[in-house]
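The values are calculated or read from the model by the stated rules, or taken from the named source; none is laboratory data. Owing to the predicted nature of the structure, the values given are computational and were not obtained by experimental measurement. Quick reminder, even Gly has a Cβ in these numbers, built from the backbone with ideal geometry, and neighbours come from all protein chains shown. Ligands, DNA and RNA are excluded from the accessible area calculation, which covers all protein heavy atoms including side chains. Shrake-Rupley method; radii C 1.70, N 1.55, O 1.52, S 1.80 Å.
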Amino acid sequence: MSNHTRLCPVCRTPSVEPMATCAVCGTSPDAADHPLPPISVPAGDHTRLRALAAAHRDSNRQVAEFLFDELERASVCREMPDATVTMDSRVLFQLDGEDRIECRTLVYPDRYLPTGQYISILSPLGVALLGLTTGDRMPFTDLQGMPTGVTVAEVAYSPGYLRHVEREAAN
């Protein structure tokens, strides 16, 4: 058992009691009818992201706990699956209820600039996108505490996949 709060698998609301029904969306502990999409994270990023979540546990608890939960369920990979959202990936996505598709690059907080080109991994949206592939939808709770979701339309650039393609071409 981990030493942090569990999140609802549907709306990502923090739960004081790990086996309780979610107070926000009513999801029961056996939410098998709403499985989360599988996610993959490069080994180096996994280590750095765990340290980042630990460092921000007091100042940004909701996001830190969400990141811990996602890293706990992630497949840690040396070779990344095709078109997976990793750190420094450029991703096209659509938020639930929105008509437009946005394109941003997922970055560590020290590289984040509020220009509309980036998403910090220390945001609920950044954590929700981590490890997804094209077509995946991930539920999460936004900074205002509202349940929502994001769907990946395309991974336009993924540095881990690019390195894999370059190695294959060299052989």
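In the range 66-86, what residues are charged (D, E, K, R) and buried (at least 21 other Cβ atoms within 10 Å of the Cβ)?
Filtering the range 66-86 down to residues charged (D, E, K, R) leaves 69-70, 72-73, 78-79, 82.
If the condition is that a residue be charged (D, E, K, R) and buried (at least 21 other Cβ atoms within 10 Å of the Cβ), then 69, 70 are the ones that fit.
Residues that are open to solvent by 70 Å² or more (accessible area, probe 1.4 Å) and of a type in the set (S, T, N, Q) were ranked within the range 23-65; the one that is modelled with the highest pLDDT is 47.
Name the residues in the range 121-152 that are open to solvent by less than 30 Å² (accessible area, probe 1.4 Å), of a type outside the set (Gly, Ala, Ser) and in contact with a helix residue (DSSP H, G or I) (Cβ under 8 Å, 6 or more places away or on another chain), would you? Hits for the range 121-152 are 121, 122, 124, 127, 130, 138, 139, 140, 141, 150, 152.
Looking only at the range 65-92, count every residue that is part of a strand (DSSP E or B) and among the β-branched types (Val, Ile, Thr) and tell me the total.
3
Residues in the range 87-112 that are in contact (Cβ under 8 Å) with a residue 60 or more places away in the chain and open to solvent by 20 Å² or more (accessible area, probe 1.4 Å): 88, 90, 92. Can you tell me which residues in the range 113-142 are assigned to a loop (DSSP other than H, G, I, E, B) and in contact (Cβ under 8 Å) with a residue 60 or more places away in the chain? 121, 122, 123, 130, 131, 132, 136, listed by residue number.
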